[in-house]
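Inspection log for the structure reproduced underneath, given as structure tokens.
The values are calculated or read from the model by the stated rules, or taken from the named source; none is laboratory data. None of the values given here were measured: they were computed from a predicted structure. Backbone-built Cβ (ideal geometry, glycine too); neighbour counts: all protein chains shown.
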Amino acid sequence: MCLHNGSVTTPLLFQPLTFGSMRLHTRSWVPAMVPWRSNEAGEATPEVLAWYERFAQGQPGALVVEATGVRDVKSGPLLRISADHYVPGLRRLTDTVRAASQGRTRLFVQLIDFLAIRRRPEKAVWVRRFWQLKSQHRERLCAITGSSQWLDMTETELREAALALPHTDLLRVLDEREVEELEMGWRERVTDTQQAHIQALPQTLPALFAAAARRARAAGFDGVELHCAHAYTLASFLSRRNERTDGYGGTRAARARLPLEVLAAVRTAVGSDFVVGVRLLGDEAIAGGSTIDDAQDYALWFAQAGVEFVSVSRGGKFEDARQPKVGEAAYPYTGPSGHACMPTIKSHGDPRGVNLPLARAIRAHVRAGGWQTPIVGAGGIDHMALAERALQTGDCDLVAAARQTLADPDWWRKAELGREHEVRRCSYTNYCEGLDQRHKQVTCRLWDRDLITLDGDGGLSRSLDGKRRLLAPPWQP
Ligand SMILES: Cc1cc2nc3c(=O)[nH]c(=O)nc-3n(C[C@H](O)[C@H](O)[C@H](O)COP(=O)(O)O)c2cc1C
Ligand code: SF4
């Protein structure tokens, strides 16, 4: 509560917001965060339930369950919603959140599709097994070494001889895509239309997302968020780098076509009384990528097509990811665009609120187009004053905090109760993201101190390495 000229006013942050078929009791939002708590089958394990139960105890207005796969493919311990047998487990998850938040928190699940990626190979393995030799490679080898011996070699001889070349010479022999395969690991793109399953994505994805959304509804979620952000399939369709020539790439409108068709299929599957939102990028933050101009139009088109919220993120792309170690896969949150997505003290000095201008510009464009669709802003929000200012000044309609809520799931309630001095404040050094990168159970560095003082307590669940507590310390209001 604030005292204004003697009268008591409730901060906007703690006032309800109604949109679509939904009423949020506050404008606080916990965006999707993958905690690597599922299993190889992609199930809602007891650890997944405990993770979301802990967030629900903080009673945010909305909580978005991590990126959850719509396609029934092996994807490590990533949650899945790709078949009906996942519904009972997800129902336990929605029941758990409802009970822990005393019915106050509305629950979404983020629906994701992603393309295949392989680990960075050993150089010798790639040259001997994966390199598809073509005549132009022989010609380039002759030009670079000044010798015509390459023309007469068998493939095996050529591969061995190429391996003996200085690395920089070998790179000059390869085309851009081959260099990437060797240096970063092989990765599919939406533009690989020579592959039948990539060409067919516009035919296959709408039904996959629609079926997943139907399951989300059956499992008791209040809505779904279509993941059109970061490095994943729908975001890659939206990207300015999408040059497909089949009507699903090239122009801005063509790039938006598949995400809009997915949205239409989802809406048909779930009906009008179930919330469907999107997460998109205000800026891809890579060379040649989409910018705020694209994002403004996308958000407006999504609003016109009936999405009920637009959550704005930034960056998180493969294109500028750091080179992985041999045997590891590239990770989209490691390069400059990754830092734009999860800004740190190191990357930004002060990361607080850095991505709000994108949400603001998108919101203004959507409003100018005549739509009141709520816009969710995120990125370094960790103080109530900052959250309240973002709402009051029209940056966004809902305030999302990922890492701050990870550091202290109760921080919203502490702020609401006027006990902000008790908030465990995120230090934005991305220890959590480092764990995420290695697909290790995500925890917060700030919890570990408590583990030391709690050493010996029987009930504390710990990470697989036994060194970290799996959940934020409890708090009694
Ligand atoms: C461990 C971790 C996992 C994340 N997983 C997802 C995800 O599954 N989907 C998504 O859209 N964003 C994901 N994010 C990004 C956050 O939702 C958020 O946009 C980003 O961290 C910036 O907000 P913040 O400064 O409040 O942390 C993740 C972030 C972290 C730290
Ligand atoms: S590990 Fe660090 S960056 Fe991540 S939530 Fe905790 S304090 Fe914030």
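Taking the listed residues GLY103, GLY20, GLY42, the one that is out of contact with any helix residue (DSSP H, G or I) (no Cβ under 6 Å at 6 or more places or on another chain) and modelled with pLDDT under 95 is GLY20, with no other qualifying. Any chance segment 336-352 includes a residue that's in the same structural domain as LEU63 (by TED's automatic domain parsing) and more than 16 Å from ligand 2 (Cβ to nearest atom)? Yes, some residue in segment 336-352 is in the same structural domain as LEU63 (by TED's automatic domain parsing) and more than 16 Å from ligand 2 (Cβ to nearest atom).
Evaluated against (1) in a strand (DSSP E or B); (2) among the polar types (S, T, N, Q); (3) closer than 21 Å to LEU464 by Cβ, SER75 falls short on exactly one condition, (1). Using the structure shown, decide if VAL442 is within 11 Å of ligand 2 (Cβ to nearest atom) and either at pLDDT 95 or above or under 20 Å from TYR52 (Cβ atoms) (or both). Against the criterion (within 11 Å of ligand 2 (Cβ to nearest atom) and either at pLDDT 95 or above or under 20 Å from TYR52 (Cβ atoms) (or both)), VAL442 qualifies. Given the criterion part of a helix (DSSP H, G or I), among the β-branched types (Val, Ile, Thr), in the same structural domain as THR68 (by TED's automatic domain parsing) and touching a Leu at 6+ places or on another chain (Cβ under 6 Å), identify the matching residue among VAL266, VAL278, VAL224, VAL262. After applying the criteria, what remains is VAL262. When segment 211-235 is filtered for residues that are surrounded by fewer than 20 Cβ atoms within 10 Å (Cβ to Cβ) and aliphatic (A, V, I, L, M), the ones remaining, listed by number, are ALA211, ALA218. Among residues belonging to segment 392-435 that are more than 15 Å from ligand 1 (Cβ to nearest atom), more than 22 Å from the chain's Cα centre (by Cα) and assigned to a loop (DSSP other than H, G, I, E, B), point out the one that is surrounded by the most Cβ atoms within 10 Å (Cβ to Cβ). Restricting to residues being more than 15 Å from ligand 1 (Cβ to nearest atom), more than 22 Å from the chain's Cα centre (by Cα) and assigned to a loop (DSSP other than H, G, I, E, B), the top hit is ASP410. For the residues ARG119, ARG129, ARG159, ARG92, the requirement of being among the basic types (Lys, Arg), touching a helix residue (DSSP H, G or I) at 6+ places or on another chain (Cβ under 8 Å) and farther than 30 Å from TRP412 by Cα singles out ARG159.
With respect to (1) in contact with a helix residue (DSSP H, G or I) (Cβ under 6 Å, 6 or more places away or on another chain); (2) under 20 Å from VAL307 (Cβ atoms), the lone exception for ALA368 is condition (1). Please enumerate the residues belonging to segment 240-252 that are without any contact (Cβ under 8 Å) to a residue 60 or more places away in the chain and assigned to a loop (DSSP other than H, G, I, E, B). Correct list: ARG240, ASN242, GLU243, ARG244, THR245, ASP246, GLY247, TYR248, GLY249, GLY250, THR251. Looking at segment 54-65, which of its residues are in a helix (DSSP H, G or I) and more than 16 Å from ALA219 (Cβ to Cβ)? Listed by number, the residues that qualify are ARG54, PHE55, GLN57. Suppose the filter is in the same structural domain as LEU281 (by TED's automatic domain parsing), assigned to a helix (DSSP H, G or I) and farther than 24 Å from VAL64 by Cα; does ARG255 pass it? The answer is yes for ARG255.
Meeting the requirement of 1 or more residues that are more than 15 Å from ligand 1 (Cβ to nearest atom) and without any contact (Cβ under 8 Å) to a residue 24 or more places away in the chain, the helices (runs of 4 or more DSSP H) wholly within segment 304-377 are 356-368.
In segment 374-393, what residues are among the β-branched types (Val, Ile, Thr) and closer than 18 Å to LEU63 by Cα? Listed by number, the residues that qualify are ILE375, VAL376, ILE381.
Of the candidates ALA67, ALA32, ALA62, ALA83, the single residue that is surrounded by fewer than 17 Cβ atoms within 10 Å (Cβ to Cβ), of a type outside the set (Val, Ile, Thr), out of contact with any helix residue (DSSP H, G or I) (no Cβ under 7 Å at 6 or more places or on another chain) and modelled with pLDDT of 95 or more is ALA83.
Considering each residue of segment 38-56 in turn, none proves to be touching a residue at least 60 places away in the same chain (Cβ under 8 Å), over 27 Å from PRO206 (Cα atoms) and in contact with a Phe, Trp or Tyr (Cβ under 8 Å, 6 or more places away or on another chain). Quick check on PHE114: is it more than 30 Å from PRO16 (Cβ to Cβ) and either within 14 Å of the chain's Cα centre (by Cα) or not charged (D, E, K, R) (or both)? Answer is yes for this residue.
Of the residues making up segment 174-207, just one is assigned to a helix (DSSP H, G or I), in contact with a strand residue (DSSP E or B) (Cβ under 9 Å, 6 or more places away or on another chain) and buried (at least 18 other Cβ atoms within 10 Å of the Cβ), namely GLU181. Entry remark, segment 322-349: residues being more than 19 Å from ILE286 (Cα to Cα) and out of contact with any Phe, Trp or Tyr (no Cβ under 9 Å at 6 or more places or on another chain) number 6 in total.
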